[in-house]
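The next block holds one structure in the form of structure tokens; read it before the comments.
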Amino acid sequence: MRIVHTEASNGWGGQEIRILNETQGMIARGHELFLLCAPHSRIYEEARKRGLHAEALPIGRKSLRGLCAMRRWLKNNPVDVVNTHSSTDSWLTALACTLLPNPPAIVRTRHISAPVNNSLGTRWLYTRATRHIVTTGEKLREQLINDNGYPATQITSVPTGIDTQRFSPGDKIAARAQLGLDPSHHYIGIVATLRSWKGHLHLLEAFAQLHAPDWRLLIVGDGPMRDVIKQRIVDLGLNERVQMAGQQENVETWLQALDIFCLPSYANEGVPQALLQAMLTALPIVTTPVGSITEAVTDAHSALIVPPRQPGQLASALRTLIDDPALATRLGVAAQDVAANNFGLITMLSKMESIFARASQEHPASTMQGR
């Protein structure tokens, strides 16, 4: 198949990483892949680094220029499926396809749990212009069915798949030595884009309550909340106990260096990639029941789950794992088993490949039908 991904966002996080990993995986399966993204976006830069066929179009916002550019590209580059990912590129793609005599099928991937409005235009976009909707978790799928009334047969949950070879338990001492971390300390960590809803500020407040002098907090990632988080660290007097590591390519090594992983999100989650990566690393996890997180972990079995925006309860859960190493080990082993059996990269690629093939074959104007 000839498949094109579109992404209007200039941001960087799990959504963009999934697009690139999925693109590479589909290429390895013999498909021809393209990526259309906004100029100067991080995903464009990263795609070029990986040697992917990426083109920059003026699709960063809804505009006539962006619509014309999208129509022109699709007209000159016939494909079987367009997989859209954000609101802006979904609208531009859908409208461009109405202006083509032989448009491709559109598959819309919905990555976050934010509500979808019920306007007539949005309903047309999701149910008429789009051949199939993919969500990154079953709860996101149920949200579209129950809250928006979209047909259940038109929506499939496909959580992000993780490379089980890359993410696995490692030697903590060796990992800490490689990263220049003090081997005499224990480490709680979060790996996430620095966005408000990831809950970094709540984690800082919880960590300040722990009163555990030999424990440190590692914040791995970058994003728009960087300066706010830095100031909060100062305000809480945590300068000596919290390290902001910034964006890191070798995330697996940082995870292997940790004793506990924490993701206290309060909104906009599917099944977070960092959570799955931590699970595969066999880390004990403290997290929240937001979005589709509970499709990956179960309280007291593979993680400790606390209410969002509750630093006190978050601190209590972290203290439980600090004080009970046997429980921490048991939760980590259970989490690794769940992730390895249910959230591998191959599983995701196979599901997406099937959806793309079905959407293209069922689409009345599919370019594939003419071959």
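The values are calculated or read from the model by the stated rules, or taken from the named source; none is laboratory data. Not measured: the values here are computed from a predicted model. Every residue, glycine as well, gets a Cβ built from its backbone with ideal geometry; the counts of neighbours run over all protein chains shown.
Of note:
Here's the yes/no breakdown for (1) farther than 19 Å from His186 by Cα; (2) at pLDDT below 95; (3) surrounded by fewer than 24 Cβ atoms within 10 Å (Cβ to Cβ); (4) polar (S, T, N, Q):
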{"site": "Gln231", "(1), (2), (3), (4)": "yes, no, yes, yes"}
{"site": "Cys262", "(1), (2), (3), (4)": "no, no, no, no"}
{"site": "Gln273", "(1), (2), (3), (4)": "yes, yes, no, yes"}
{"site": "Thr288", "(1), (2), (3), (4)": "yes, no, no, yes"}
{"site": "Ser302", "(1), (2), (3), (4)": "yes, no, yes, yes"}
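- Asp171 under 22 Å from Met279 (Cα atoms) and either of a type outside the set (Gly, Ala, Ser) or touching a Gly at 6+ places or on another chain (Cβ under 6 Å) (or both): yes
- The number of residues in region 101-135 being over 16 Å from the mean Cα position of the chain (by Cα), charged (D, E, K, R) and either in a loop (DSSP other than H, G, I, E, B) or buried (at least 17 other Cβ atoms within 10 Å of the Cβ) (or both) comes to 1.
A quick yes/no check of all residues on (1) out of contact with any helix residue (DSSP H, G or I) (no Cβ under 7 Å at 6 or more places or on another chain); (2) closer than 14 Å to Leu331 by Cα; (3) of a type outside the set (Phe, Trp, Tyr):
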residue: Pro224; (1), (2), (3): yes, no, yes
residue: Gln247; (1), (2), (3): yes, no, yes
residue: Leu258; (1), (2), (3): yes, no, yes
residue: Pro264; (1), (2), (3): no, no, yes
residue: Gly270; (1), (2), (3): no, no, yes
residue: Leu276; (1), (2), (3): no, yes, yes
residue: Ala282; (1), (2), (3): no, yes, yes
residue: Ser302; (1), (2), (3): no, yes, yes
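- In region 315-330, the residues that are within 15 Å of Leu263 (Cα to Cα) and touching a Pro at 6+ places or on another chain (Cβ under 8 Å): Leu321
- Here Ser90 meets the list (1) outside any helix (DSSP H, G or I); (2) under 25 Å from Ser354 (Cβ atoms) almost entirely, failing just condition (1).
- Residues satisfying the stated conditions in region 167-207, i.e. aliphatic (A, V, I, L, M) and more than 23 Å from Pro325 (Cβ to Cβ): Ala192, Leu194, Leu201, Leu204
- Of all residues making up region 178-219, the number that are of a type in the set (D, E, K, R) and within 22 Å of Gly291 (Cα to Cα): 2
- Taking the criterion of being charged (D, E, K, R), in the same structural domain as Pro272 (by TED's automatic domain parsing) and within 25 Å of Glu16 (Cβ to Cβ), no residue of region 164-186 qualifies.
- Region 306-325, residues that are of a type in the set (S, T, N, Q) and touching a residue at least 60 places away in the same chain (Cβ under 8 Å): Gln310
- Residue check for Gly51: among the small types (Gly, Ala, Ser), more than 30 Å from Gly30 (Cβ to Cβ) and within 24 Å of the chain's Cα centre (by Cα): no
- Of all residues in region 78-87, those satisfying the criterion of being crowded, with 19+ Cβ neighbours inside 10 Å and not in a loop (DSSP other than H, G, I, E, B) are Val81, Val82, Asn83, Thr84.
- Any hit, region 322-340, residues being buried (at least 18 other Cβ atoms within 10 Å of the Cβ), modelled with pLDDT under 95 and not in a loop (DSSP other than H, G, I, E, B): no
- Residues that are out of contact with any Cys (no Cβ under 8 Å at 6 or more places or on another chain) and either among the β-branched types (Val, Ile, Thr) or under 23 Å from Arg2 (Cβ atoms) (or both) do not occur anywhere in region 174-182.
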